[in-house]
Amino acid sequence: MKRTKIIDALSCTDYGKEITVMGWVRTHRSSKAVDFIALNDGSTIKNIQVVVDAGRVDEATMKSITTGACIGVTGTLVESPAQGQASEIQCTGITIYGLCGSDYPMQKKGQTFEYMRQCAHLRLRTNVFGAVMRIRHNMAMAIHTYFHEHGFYYFHTPLITASDCEGAGNMFQVTTKNLYDLKKDEEGKIIYDDDFFGQQTSLTVSGQLEGELGATALGAIYTFGPTFRAENSNTPRHLAEFWMVEPEVAFLDQEELMDLEEDFIKYCVRWALEKCKDDLEFINNNKFITPQHDLIPRLEGVLKETFVRLPYTKGIEILQEAIRNGKKFEFPCNWGDDLASEHERYLVEEHFKKPVIMTDYPSCIKAFYMKQNEKQGDGSVGYKGCVAPGPTMQGTDVLFPQIGEIIGGSVREENYDKLMGEIAARGMETDKLWWYLDTRKYGSCPHGGFGLGFERLILFVTGMQNIRDVIPFPRTPKNAEF
C-alpha cells in the first residue's frame, strides 16, 4: 500500500480509510488490552497515535518495538477520542524495518544539548532537532523566494579562492602538495608552482568580492552558500563552516541599503511565523530552550517595530553614559573600539528594546572596501553633540536581541583612487585583487550589499542558545567527526 506521510494523515478527515504510515517510534505504552505507539516520520513535529488491540500483532513483535525503532503501520484512520489530536490509526498490521536496543543514545529522557552534539548522527531524530531543521529549511526557502520576488539573480561564487575578502588571514588552505615534502625557496617560503592551481589558495570566507562583479553586470544578485573561517573560537556564536547570504545591488545608497536589510529580515521572520507555526509553538513551550515562553512574542515584536538607525558615535555615547550610571561591561567601548556582543545586546535589549541598524563605523575597524563618509573627523555628530574624532565608513550592521550582529553591510567604495588609497594605507597587497580593482576602472557604479550569517538567523528564529545546534553537523575546533 502507498505510504501516507504523517502530516497528511493528521490533517485527513476521511475516517474509515485504510492507510499505511512509516516512521520512528517516539514512545510505546503497553497494557493487557491495548498498546499505544506514538509514531513520527519527520514531516511534522506532531506524532500520530497508533492503537494496537491485544492479539492483533504477536506478543514478541510488540515487545521488540521500543523508542527509536523504525516501523511501518497499516490500519484504519479513525477520529481520535483523545484531546490534542484529531486522528489516530487503529492498527491491523506492523512491519519492522529496524529495531533499537536499550543502548539507543536518544532515549526519551532529558538529554543535554552538549550530550546530543556527541551523537550528531542520531540527534536529528529528536523532536527539538526535527523542529530546528524544518525551520532551517523554511528560512532557506524564504531567502530564495524573497530575492526572486524582488528581482535578484541567484549568483554562484567560488568556494576556492586566492584572495582574502576580510583580510584577517583565518582561512583554510586548499592544496594538493605533499605536506611531508614541501618545496621551499631560499627564504624558506613554500613554492606553489607545482600545486594544483599554481598559487596559494584557500576556502572562501565570503563571496562578496565576486558578488560585486555580478551586481555590476546583472544589477542585483545574491549568493547563498557555505563559507569557512579557520578561527580558533570555541564560543556559542562561531563555526568553522557556516552558510552566508550575501546580496549586492548596483545604484544603491546607504538609506536604500538599510531599507533592504530591514525589509528582508522582516520577510524571513514573517515567513517563519506563518509557515512554521507548529514547530515554533513546540519550541516556545519547551522550558529547556525558552523558559520564559517568549520566542513567538519576540518574533512578532520584530515585525511591529521600525528598526532604530543609530550612528556608531551616538551608540558609543549611550554605552559610556550607561557605564557612568553603573552598568558593567567586560570589554571596553571607547570610540574606535569594535563593539562586543554585550554592547550590541545592551543597545537592542535594554536601551532601545528593538532592533538597531548601526551605521557610520570608524574606518579603523572596518574592511578596506567600505565607502568613507565625505566629512572626515567631524561628519558624524552623535549623542549629546559628541563628534567622531576620525574617519567613518558607511557601514550598516543590523543588531538583534539575543544575537547581537545578525547582518553586516555597507556601501562599497566605487572610486578607484579612493579605494587604492585605502588599500595603501592598510599596507595591503594588490596583486591578487587586480580583477576586483578593474571594476573601479571600467564602468564603475555606486553599489552596496550585506552579509547575513544564516545560522545566526536560525538562532534567532528558533531561540536556540548555541550555533552548533542549528546546523546538522557543526564544524568547530577539534571537531569534524560526523
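Can you say whether Glu481 is open to solvent by 40 Å² or more (accessible area, probe 1.4 Å) and of a type in the set (D, E, K, R), as far as the supplied structure shows? Taking the combined requirement at face value, the residue satisfies it. Under the condition of being open to solvent by 70 Å² or more (accessible area, probe 1.4 Å) and over 19 Å from Thr235 (Cα atoms), the residues counted in segment 321-352 number 8. I'm trying to understand the selection: among the residues of segment 234-254, which are surrounded by 14 or more Cβ atoms within 10 Å (Cβ to Cβ) and closer than 23 Å to Glu481 by Cα? Arg237, His238, Leu239, Ala240, Glu241, Phe242, Trp243, Met244, listed by residue number.
Contact map, segment 288-299: residues that are free of Cβ contacts under 8 Å to residues at least 60 places away in the same chain paired with residues that are open to solvent by less than 80 Å² (accessible area, probe 1.4 Å) and assigned to a helix (DSSP H, G or I), Cβ distance under 6 Å, separation 6+ or inter-chain. Pairs shown: His293/Asn284; Ile296/Leu280; Ile296/Asn284. Among the residues of segment 320-370, those that are closer than 26 Å to Tyr436 by Cβ and either part of a helix (DSSP H, G or I) or acidic (Asp, Glu) (or both) comprise Asp338, Asp360, Ser363, Cys364, Ile365. Here Lys314 fulfils each of the conditions (1) open to solvent by 50 Å² or more (accessible area, probe 1.4 Å); (2) over 25 Å from Thr396 (Cα atoms); (3) of a type outside the set (Asp, Glu); (4) in contact (Cβ under 8 Å) with a residue 40 or more places away in the chain apart from (2). Of all residues in segment 468-478, exactly one satisfies the criterion of being open to solvent by 50 Å² or more (accessible area, probe 1.4 Å) and either on the phi > 0 side of the Ramachandran plot or in a helix (DSSP H, G or I) (or both), namely Lys478. One residue stands out among those in segment 1-28 that are of a type outside the set (Val, Ile, Thr) and part of a helix (DSSP H, G or I): the one that is least open to solvent (accessible area, probe 1.4 Å), which is Ala9.
Scanning segment 255-280 for residues being open to solvent by less than 10 Å² (accessible area, probe 1.4 Å), assigned to a helix (DSSP H, G or I) and out of contact with any Leu (no Cβ under 9 Å at 6 or more places or on another chain) gives a total of 2.
Taken over segment 1-33, the criterion of being among the β-branched types (Val, Ile, Thr), over 31 Å from the mean Cα position of the chain (by Cα) and closer than 13 Å to Ile65 by Cα is satisfied by Thr27 alone. Ile283 fulfils the conditions (1) touching a His at 6+ places or on another chain (Cβ under 9 Å); (2) buried (at least 16 other Cβ atoms within 10 Å of the Cβ); (3) part of a helix (DSSP H, G or I); (4) not small (Gly, Ala, Ser) except for a single criterion, (1).
The values are calculated or read from the model by the stated rules, or taken from the named source; none is laboratory data. Owing to the predicted nature of the structure, the values given are computational and were not obtained by experimental measurement. Note: ideal-geometry Cβ built from the backbone for every residue, glycine included; neighbour counts use all protein chains shown. When the accessible area is computed, the model is the full protein with side chains, heavy atoms only, and any ligands, DNA or RNA have been set aside. Shrake-Rupley method; radii C 1.70, N 1.55, O 1.52, S 1.80 Å.
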